[in-house]
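The values are calculated or read from the model by the stated rules, or taken from the named source; none is laboratory data. Please read all numbers here as calculations on a predicted model, not as lab measurements. When we count neighbours, we look across all protein chains shown, and the Cβ atoms used for this are built from the backbone with ideal geometry, even at glycine. Note: accessible area is taken over every heavy atom of the protein model, side chains too, but ligands, DNA and RNA are not part of it. Shrake-Rupley method; radii C 1.70, N 1.55, O 1.52, S 1.80 Å.
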Amino acid sequence: MNRTDGPAKAPAPAIAGAVWAEAPALAGLDAWLAGLPLAVVLRRRIGIAVGSDGGCGVAHLRLAPSLAEMRRMADPAGLGDDLDLFDHARRVLARRLLAALADPGLRAGLIGPIAGRMAAAAPPQLHLDLPDGATAAVAAEEDGPAPEPDAASAPVAVLPLSEAAAPELLAARRRMLHRRGWRLALTGLSAGNLVLLAAPEALPTDLLRLRWSAELAEPALASALDRMDPARLVLTGCHRPAALAWGRARGIARFEGAEAEALLRRAPWAEAR
Amino acid sequence: MSAAACPAEAGRDPWDPPGTDAAAPRSAWTNAAKAQGAAGPPVLLPGPQAAADLIALVEESVATDSRREVLLLRLGGLDPRQRGASAHPAGRLVREALAPLFEGSVRTRLFGLPNGDLVAVAPPPAHPLEAAREALTRVLDATAPPDAIRTLRLPEAAAAVLAAAAESLGLTGAAAGREDPTAWPSSGPSAPGGATAFDSAALAALERTLAAADLGAVTRRQTVCRLDPDHGPAAPLWEDRRPDWTALAAAVLPPGCDPAAAPALRRRLGRLLEARLIAELAHPASLRAWRPTGLAISPETFGGPAFARLDAALPAMSRAGLVLGLRAEDALADPSGFASVRDAARARGYRLALDAATPALLVLLPPARLGVDLVRLRWSPDLTTLSAEARAHALALCPGGPAGVVLAGVAASAALAWGWEAGITMFQGPLIERRRGPH
């Protein structure tokens, strides 16, 4: 799968200097990403909040590039075969997306209609990836604690759970985000990695995006799930009614996925909560 | 080591603040110091320079495995009258009790730390130190703190001595502000600031360059050694090989072009380099001269053709000599992929390590749940700020406890000293390379 993973050629001369030659596919990746139409490649996922009465409303909007969409488009770099390159694309597009959202003319189109209404009237909370370098100045800034920004309105920066492999650094990045008025969500928590974590409740984050699977109901995970505050959880990948039922039984109120959006469409009283 | 200390400092009273003109002899102490100073050591070195020299001496002792007796006098915390900051009779008593240090032994070195603490160091047998300790015990009254006088041995107690030196300089922890010269790839991206960005074009060019290059100059090889504080020789266990990102950037990247600024591209480049290191191991000449080796690899590399070739070429009995370092971020990103790599590697007889661990990671992601055999703990001066309880808790989570831990990045004796205190006996880093000497 990794094209660079081939065997070494015969022993060669030592490195004398870079050969800045063109390697068309990989070399052109960043230029290709710079021209990719954002609106086409972005996946819009509406997050819903379900009340104790069963009523639901819009909680947030997750905007992220879709690997499938990028694979469908003319992909000069074999992007879809190399998850590192997709990860790079995600980071590059995150920078473009942040810039576009700051432009009122582009913002409305990217956010689009939600629950039958244009979102400009009641802008939803955004869950967005962070570009490279967004929290690079962590060490340079003063490192005092900052209060968590308002849960209802502050935008949410989404980082992969693998960033928790450096817990101290992640905690510093979270403080930096708070100072800038953002909250932090870790995404990619699942039954598979939850079983590895001794203290998921101690992860330095404001929200955890937990990917639903039937394995979450296994008894081995019950104690880990019990230790986490359901108010910090967003259950993602809810494409089946069983996901919503499981989450609501655990006290989770926020959901993402096809089934969650279907629930929103069916609710006559649907409105932003 | 700066055994030839600044002679201008030799006549100073250890209790004078730095910069004080103490040229006039005021006690038997300073007289003795001056007299000895003319002939050579001991040399009295008050102030920050003394702390720096003490740190250098401790590091040298650890690096060369040379024994020293240490008398640590926490005079800084005593009543000023007792430590002799004034001409109070009690202070004079302390000074007179210390006078024997200067009379019999030219091998004793005395360090007057900036906070008023005093450290005497001598090679064993250090009778003058013992005499001074006994005299001081008689002089100090019951109000003195219990640890006002401590007798320590180098190199075992290097951490405690370094901590005293660091504390006297106003630094917390035992690192004494020494920069760790081992350049770990920075974990956070840095803003390029107008320099050439590390983008896909730069990566593509680099991959072409590296595809046919000899990677010897950009590979860091360090021997993981078993090293006990009780003066056994460093016993080599295996050779750790990994890309030397600093050397790589210097060799093939324009200034300011930093792979850390694009972590995803950097990871792909890392996979390329991992595969090349594995291909080198599978070379017939390497296989004939097979030595135990450690590599950090990603799951993709384990499943790639280079590793398949090595696996096919490596005799079954040699596989236990290959330590595969797996990364926590890979386990979190793809736990099932991680598990299948781990199980396949274990079934083939390879040893598995958790690479680049920190105590906070061990608590969050216990190695037992990951199913690895070893933990490669990354040295950082921050480790010295851990409480003994937190350290013990984190290391107890490692398979086999501290005995299953390799402390990597050991560049200064503070790291070695911390490891020994924690019960760690496997080490890797520039200091270990120096201690092994030329091979």
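Points to keep in mind about this one:
- Pair list, Cβ < 6 Å and 6+ apart or interchain, from region B:117-129 residues that are farther than 23 Å from B:A52 by Cα and at pLDDT below 80 to residues that are assigned to a loop (DSSP other than H, G, I, E, B) and of a type outside the set (K, R): B:P128/B:G104; B:P128/B:S105; B:P128/B:T108
- In this structure, A:P230 does satisfy being surrounded by fewer than 19 Cβ atoms within 10 Å (Cβ to Cβ) and either within 14 Å of chain B (Cβ to nearest Cβ) or at negative phi (or both).
- Boolean, A:E148 is modelled with pLDDT of 95 or more, surrounded by fewer than 18 Cβ atoms within 10 Å (Cβ to Cβ) and either outside any strand (DSSP E or B) or within 12 Å of chain B (Cβ to nearest Cβ) (or both): no
- B:T209 vs. criteria touching a Gly at 6+ places or on another chain (Cβ under 7 Å) and either within 12 Å of chain A (Cβ to nearest Cβ) or over 24 Å from B:D330 (Cβ atoms) (or both): no
- Answer residue from region B:313-326, given it is out of contact with any Phe, Trp or Tyr (no Cβ under 9 Å at 6 or more places or on another chain) and modelled with pLDDT of 95 or more and is surrounded by the most Cβ atoms within 10 Å (Cβ to Cβ) among those: B:G325
- Looking only at region B:357-396, and only at residues there that are part of a loop (DSSP other than H, G, I, E, B) and buried (at least 19 other Cβ atoms within 10 Å of the Cβ), the one that is farthest from the other protein chains (Cβ to nearest Cβ): B:W379
- Considering each residue of region B:319-339 in turn, at least one proves to be assigned to a strand (DSSP E or B) and at the interface with another protein chain (Cβ under 10 Å from one of its Cβ atoms).
- Residue within region B:319-327 that is closer than 25 Å to A:L208 by Cβ and in contact (Cβ under 8 Å) with a residue 24 or more places away in the chain present: yes
- Conditions (1) surrounded by fewer than 20 Cβ atoms within 10 Å (Cβ to Cβ); (2) facing chain A (nearest Cβ under 8 Å); (3) not basic (K, R); number of the one not met by B:L272: (1)
- The strands (runs of 3 or more DSSP E) found wholly in region A:157-273 and carrying at least 1 residues that are of a type in the set (A, V, I, L, M, F, W, C) and closer than 22 Å to B:D330 by Cβ occupy A:183-189, A:207-211.
- Helices (runs of 4 or more DSSP H) wholly inside region B:225-318 that include at least 1 residues being within 30 Å of B:V410 (Cβ to Cβ) and touching a residue at least 60 places away in the same chain (Cβ under 8 Å): B:245-252, B:263-281
Here is a yes/no grid of residues against (1) open to solvent by 40 Å² or more (accessible area, probe 1.4 Å); (2) more than 12 Å from chain A (Cβ to nearest Cβ); (3) aliphatic (A, V, I, L, M):
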site	(1), (2), (3)
B:P233	yes, yes, no
B:L237	yes, yes, yes
B:T246	yes, yes, no
B:L253	no, no, yes
B:R266	yes, no, no
B:L277	no, no, yes
B:A282	no, no, yes
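- Of all residues making up region A:172-195, the number that are open to solvent by less than 30 Å² (accessible area, probe 1.4 Å), in contact with a Leu (Cβ under 7 Å, 6 or more places away or on another chain) and at pLDDT below 95: 1
Table: residues versus (1) modelled with pLDDT of 95 or more; (2) within 14 Å of B:G423 (Cβ to Cβ).
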site: B:L354; (1), (2): yes, no
site: B:D382; (1), (2): no, no
site: B:A396; (1), (2): yes, yes
site: B:V405; (1), (2): yes, yes
